[in-house]
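The values are calculated or read from the model by the stated rules, or taken from the named source; none is laboratory data. Quick caveat: nothing in here was measured; it's all calculated off a predicted structure. Positions of Cβ are generated from backbone atoms using ideal geometry, with glycine treated the same way; all protein chains shown enter the neighbour counts. Accessible surface areas use protein heavy atoms only, side chains included; no ligands, DNA or RNA. Shrake-Rupley method; radii C 1.70, N 1.55, O 1.52, S 1.80 Å.
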Amino acid sequence: MRNEIIWLMLILINFSLITLVYKFFGKLGLYIWIPISVILANLQVVVTLELFGIYATLGNIIYGTGYLATDVLSEKYGKKAADKGVMIGFFSLISFTLLMWICTNFTLIDNAEHFKSMFGVMPRICVASLISYLISNKHDTWAYEVWKKKIPKYLWLRNNFSTIISQLIDTTLFTLIAFYKVLPLEVMGEIFISTFILKFVIALCDTPFIYLIKKIDKE
């Protein structure tokens, strides 16, 4: 149960940090947090571990905080502010991928193979990551605005509806683009199911934090 305990602690720490960054820096803090979450998710995703009897990658938690950030932006500042956050994240993902790929072309003295295996661009994975991020996050900001108008009294519903469906879109697009005709269909199915289950849990866990952040008075 060691991994599971650390994983649950990591959820608490991640969502607590995004709450603190909003408390201290307001909207700017969320715009800072989004690229942090995107870049760290792409670093952590290369690490695999076993959680609750299934295999998973490590980046799902920090990636999920990006959805909370855009939901807070939508809730407190409107869709335009949330869309700006998405595009900041998209630009940071492109920049990170490009710059680290260039760095892998240096002739290195130490740890060259480890560095290149971690940061070398796999074109199909790169494309999958960019497309799934942009489409799923744009859907999230759109869906949040729709649900905000339809169910203005139920913050937890619009937060979860928009995030969970967006996570489903993200997982579906990434799995199909990255692994179709590369892995057997049954393996793709296992990756999809295990990844979405964990993302679903993470999406539910952010609900108390959006209520907490909404109570913080900022500009």
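Here are a few things to note about the model shown:
- Relative contact order [Cα under 8 Å, 6+ residues apart], the chain, whole percent: 25 percent
- The share of C-alpha pairs in the stretch 158-219 whose separation exceeds 18 Å stands at 47 percent.
- The stretch 64-200 - accessible surface per residue (Å², probe 1.4 Å): 53 Å²
- The Cα atoms of the stretch 1-112 define a convex hull whose projected area, averaged across directions, is 8.8 nm².
- Reach of residue 149 by Cα under 21 Å, taken over lysines that are not fewer than 8 positions away in the same chain: 76, 79, 80, 84, 138, 214, 215
- Relative contact order of the stretch 126-199, pairs being alpha-carbon contacts under 8 Å that are 6 or more residues apart, as %: 37 percent
- Whichever aspartates and glutamates have a C-alpha closer than 19 Å to that of residue 199, once near sequence neighbours (fewer than 8 apart) are set aside: 4, 50, 71, 140, 170, 190
- The stretch 123-174 - Rg (one decimal) and Dmax (whole number), Cα, Å: 12.5, 44
- Considering only Cα atoms, the convex hull volume of the stretch 56-203 works out to 113 Å³ per residue.
- Sorted peptide list for 168-178, 68-78, criterion being average Cβ within 10 angstrom, highest first: 68-78, 168-178
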